[in-house]
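Read through the structure below, which is laid out as C-alpha cells, and then see the notes.
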Amino acid sequence: MARLTIKGVSKSFGTGFAVNDVSLDVEDGELVCLLGPSGSGKSTLLRMIGGFERPSAGEILIDAKDVTRLPPERRPTGMVFQSHALWTHWNVFDNIAFGLRLRRRPRAEIRERVEQALAMVGLADYGQRMTTQLSGGQQQRVALARSLVLEPKILLLDEPFASLDQHLRERLREEVKDIQSRLGITTLFVTHGQDEALALADRIVVMRDGVMEQVAPPDVIYRAPRTEFVASFIGSMNFIRVTVEEGIGRHEDLTLPVPVADGPAVLGIRPEALSLTPSERPRAGRVHRSIDFGTHKLVDIDLLDGTRMKAMMPPETQVPRGLRVELGVSAFHVFRDGAQVYQAGARGSETERRVSHA
Amino acid sequence: MSAIPHRPVSSAAPRIAKPFDWAGLVFAILLTLVIAVPLLVVATWAFTEVWRYPSLVPQKFGLRFWSQTLSRADVWEALFLSLRLTAVVTALSAVICLPAAYAFARLKFPGRNLLFLSFLASHAFPKFGLLVAIAGIFLHLGLISTFWGVVLIQLVGTLMLMIWVPVAAFQAVDRRMEEAARDAGAGPLRVFWSITLPQAGPTIAAAVLLTFVGTFYETEGAWLIGAPQVRTMPVLMISFINNQLVVQYGAVLSVMLWLPSFLALIFARRIVGTGAFARGFGA
C-alpha cells in the first residue's frame, strides 16, 4: 500500500538540531515506533512527516513521491494528536465527517463511512454525542476514527495514549495494533514509553538528541543494544565500571572474560542475567532490599564501591536484608565510549523477554 | 437504635450548609437601588404629564409626550441613522479587526508588540482632546458633517475592544485543532472559517455585541464630527435636554434608547454562554 522513505532529514531550531540527519525506510504495512526521552526529536520527526514542520534539509518520500514541501492538507498522511484535538464545537459524527465533506463525497457515502469508522473503534452509537461528553479513551478513539476514515497511506500517532491511565492505555494499544494489522496501514507511532514500543512495534527507532541510536525489531533492541543509551533506555540494565587487562575485565566483585583492548569499560548486565550466592567475603555486596512482584523478586544489592545492582530472582528466593552475596553473571554487554564493543552469554531463546518494572 | 446517631447529624447539617449571607443581601439591595432607582425615575418621567414638587408620585400619567416625540420626523431620522451608522461601524470594525486580531494571535512579525500597544494608545489620552485634533484633520479632508466622517471617528473608538478581546479568544484556540483540520485536508482559510472562528465564536460575538451597543451610544465623536447635519439618537437626546426645559422629551428618548441595548443583552445571554468573556481574557 504505502512506503515511507526519509532521506537525510534534519531540522534545526536556531543554533541546535532537533533532528539531525535521520534516514529511515518504513515498509508497506509496517508499524514503527519512534522511542526516546522528551527532547529527543521524535515528535519533530513525526511532525515533519505530517507536514507541520518543514525540514531544514533532506527529503521525505511517500511511495517514491516527494512530499517534503507539501502542506499537511495535500499529504496522504493522517495524524492522531496526544491532546486528541477534537473539534469541540461539533459532535462526533461531524468530527469524523469533516474530511469527507471537504472531499465532497456524496451524503450517503459519508454517513456509511463514518458509521463504519465508528464501529471499527467500538463507538457505534456515539455519533450524536458532543466530544466533550466522552471519556478520555473514547475521545482518543474518535480521533483515531477521524484519521482512519480518510484512508491515509501513512498513519501518524503522536503519543496518543500518554494522557490516559495505565489500564486504558494497554487496552487501547492492543486495539490500535489489531486495527493496524487488519487494515495493513503503514504506521509511525511516537512514544516515550518503552513498554508501549515493545508491545506494538515491528521495528523500534531509538532516538536521542535528534539522532537515531538504533533501528531494530524489539527483541534485538532488548537483547543486542548497540549503545549504552539504548541498553539503559529499554528495559532495566545494571552498569558497572571495570578495568580490562589482557582480556579479563576486573571489578572487586566480578571477574569476567572480556576480549577487548586494555582500558576502562562499562559492563551492562540485565537483572535476569544476575544470580546471587551467599558469601562470607567481608567486602562482598550486601542486599539492600527485596521487592516481591509475585512473578519474581527484584533484589537491590549495594556493592562496596557504591554501585547499586538489581537482580531478578525466582519468587521463592529468601534474601534477607544485609545478606552478603557474590554475583554470578550469565550474560553481559561491554560498552566503551557509549557503544557496545562485545556481548557474551545468553541470546535469543535462552532469555525470556521481560519488561522492566523499574 | 439507628435513629439516635442520625439525629444530631441531620440537625447539624443544615446549619453548616446554609449560613445566611446577610451582608451579601444588604450589598445586593444597595446595588440594585443605586442602579434601578435612576432608571425607574427616568421611566416614570417618560409616562408623566404633570409631576410637581413635592409629590412623590406624578399627578397625571399619560402618553402625550410619547405621541409628541414619536410624531417628530427628526426622531425617526435619527433612529434610523443611528442604526445604519452603528451597523456599518460594527461590520467595518469586524472586517478590519478580526483578521488583524488573528495575525496578532498567531503570527510573529517585526513590530508586533508595538503595534499591539498602539491600539491601546487611542484610549490612553483624554478622548476629547484627541477628537478635537482629529476634527481638525477631518475639516481639511471635508469629512466634517458627513456620514463617513462619523463612521471613521466611531471606528477608531471600537478598535481596542475589537482587537484585544478577539486576540485573546484566538490565542485560546488549541493549535492542534487547527493542525488536525489541516491534516484532514482543509486549507488555511477553511481552517479559520470552520475551526478557529467557531472555537473563538462566543467571545468574539460578545466583543461584536459590546461594540454595537457602545457605538450606538457614542456621543462625543458623533456630535463633534457629525453636527449639525448628522444627528444620531444620543446627540438628538442631548440637544433635546439642552434646548428644551421639558424633561419628558429626554425621558421618552432615553426609554426608547434602552430598547436596542436591552434586546442586545437578551441576545447576548442566549448566544454567549457564561464565562465566554472570562475565557476571552484568559481566565
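The values are calculated or read from the model by the stated rules, or taken from the named source; none is laboratory data. These numbers were taken from a predicted model, which means no experiment stands behind them. Neighbour counts run over all protein chains shown; Cβ positions are idealised from the backbone, glycine included. In case anyone asks, the SASA skips ligands and DNA or RNA and just uses the protein heavy atoms, side chains included. Shrake-Rupley method; radii C 1.70, N 1.55, O 1.52, S 1.80 Å.
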| request: Mind telling me which of the residues B:Thr44, B:Thr90, B:Thr69 ends up being at pLDDT below 80 and in a helix (DSSP H, G or I)? | output: B:Thr69
| query | Restricting attention to the range B:194-206, and to residues there that are within 9 Å of another protein chain (Cβ to nearest Cβ) and touching a helix residue (DSSP H, G or I) at 6+ places or on another chain (Cβ under 9 Å), which single residue is surrounded by the most Cβ atoms within 10 Å (Cβ to Cβ)? | reply | B:Ile195
| request: Return yes when A:Thr227 is surrounded by 23 or more Cβ atoms within 10 Å (Cβ to Cβ) and out of contact with any Pro (no Cβ under 6 Å at 6 or more places or on another chain) and no when it is not. | output: no
| said: Looking at B:Val167, B:Val191 in this structure, which one is part of a helix (DSSP H, G or I) and facing chain A (nearest Cβ under 10 Å)? | reply: B:Val191
| Within the range A:44-74, which residues are of a type in the set (Lys, Arg), within 13 Å of chain B (Cβ to nearest Cβ) and free of Cβ contacts under 8 Å to residues at least 40 places away in the same chain? | A:Arg74
| query | How about the range A:242-263: which of its residues are in contact with a Leu (Cβ under 7 Å, 6 or more places away or on another chain) and open to solvent by 70 Å² or more (accessible area, probe 1.4 Å)? | reply | A:Glu252
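Here is a yes/no grid of residues against (1) touching a helix residue (DSSP H, G or I) at 6+ places or on another chain (Cβ under 9 Å); (2) modelled with pLDDT of 85 or more; (3) hydroxyl-bearing (Ser, Thr, Tyr):
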| position | (1), (2), (3) |
| --- | --- |
| A:Val142 | yes, yes, no |
| A:Ser147 | yes, yes, yes |
| A:Leu150 | yes, yes, no |
| A:Ile154 | yes, yes, no |
| A:Glu159 | yes, yes, no |
| A:Ser163 | yes, no, yes |
| A:Lys177 | yes, yes, no |
| A:Ser181 | no, yes, yes |
| query | Can you name every residue in the range A:3-55 that is in a strand (DSSP E or B) and either open to solvent by 30 Å² or more (accessible area, probe 1.4 Å) or of a type in the set (Phe, Trp, Tyr) (or both)? | reply | A:Lys7, A:Ser12, A:Phe13, A:Gly16, A:Phe17, A:Asn20, A:Asp21, A:Ser23, A:Asp25
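Return the only residue of A:Gly8, A:Gly14 being more than 23 Å from B:Ala180 (Cα to Cα) and within 14 Å of chain B (Cβ to nearest Cβ).
Of the residues listed, the single one that is more than 23 Å from B:Ala180 (Cα to Cα) and within 14 Å of chain B (Cβ to nearest Cβ) is A:Gly14.
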| Any idea which of A:Val266, A:Val287, A:Val325 is under 20 Å from A:Gly345 (Cβ atoms), open to solvent by less than 50 Å² (accessible area, probe 1.4 Å), part of a strand (DSSP E or B) and in contact with a Lys or Arg (Cβ under 7 Å, 6 or more places away or on another chain)? | A:Val266
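So that you can scan it fast, the table gives a plain yes or no per residue for (1) farther than 27 Å from B:Ala205 by Cβ; (2) free of Cβ contacts under 8 Å to residues at least 12 places away in the same chain; (3) small (Gly, Ala, Ser):
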site	(1), (2), (3)
B:Ala101	no, no, yes
B:Leu120	no, no, no
B:Pro126	yes, yes, no
B:Leu143	yes, no, no
B:Leu159	no, no, no
B:Trp164	no, no, no
| message | One residue is enough: does the range B:171-181 have a residue meeting the conditions open to solvent by less than 20 Å² (accessible area, probe 1.4 Å) and over 23 Å from A:Phe98 (Cβ atoms)? | response | no
| said: For the range A:118-135, check the following and say yes or no: at least one residue is closer than 20 Å to A:Val190 by Cα and either in contact with a Gly (Cβ under 7 Å, 6 or more places away or on another chain) or not in a loop (DSSP other than H, G, I, E, B) (or both). | reply: no
| query | Can you find a residue in the range A:75-93 that is free of Cβ contacts under 8 Å to residues at least 24 places away in the same chain, at the interface with chain B (Cβ under 10 Å from one of its Cβ atoms) and open to solvent by less than 50 Å² (accessible area, probe 1.4 Å)? | reply | no
| task | Determine the pairs where a residue that is farther than 25 Å from B:Leu259 by Cα, located within the range B:36-65, has a partner that is assigned to a helix (DSSP H, G or I) with Cβ atoms under 8 Å apart, the partner being 6 or more residues away or on another chain. | result | none
| query | Of the residues that make up the range A:154-168, is at least one within 14 Å of chain B (Cβ to nearest Cβ), open to solvent by less than 10 Å² (accessible area, probe 1.4 Å) and touching a Pro at 6+ places or on another chain (Cβ under 9 Å)? | reply | yes
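Each row is one residue, and each column tells you yes or no for (1) over 30 Å from B:Trp164 (Cα atoms); (2) open to solvent by less than 40 Å² (accessible area, probe 1.4 Å).
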{"residue": "B:Trp51", "(1), (2)": "yes, no"}
{"residue": "B:Leu63", "(1), (2)": "yes, no"}
{"residue": "B:Trp76", "(1), (2)": "yes, no"}
{"residue": "B:Leu79", "(1), (2)": "no, yes"}
{"residue": "B:Ala87", "(1), (2)": "no, no"}
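Quick check: anything in the range A:200-210 farther than 17 Å from A:Met309 by Cα and over 14 Å from the mean Cα position of the chain (by Cα)? Walk me through how you get there before you give the answer.
We begin by selecting, within the range A:200-210, every residue farther than 17 Å from A:Met309 by Cα; these are A:200-210.
Keeping just the survivors that are over 14 Å from the mean Cα position of the chain (by Cα) gives A:209-210.
The answer is yes, given that some residue of the range A:200-210 is farther than 17 Å from A:Met309 by Cα and over 14 Å from the mean Cα position of the chain (by Cα).
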| said: Can you tell me how many residues within the range B:130-164 are in a helix (DSSP H, G or I) and open to solvent by less than 40 Å² (accessible area, probe 1.4 Å)? | reply: 15
| request: Could you figure out which of (1) among the aliphatic types (A, V, I, L, M); (2) more than 9 Å from every other protein chain (Cβ to nearest Cβ); (3) open to solvent by less than 50 Å² (accessible area, probe 1.4 Å) isn't true of B:Ala186? | output: (2)
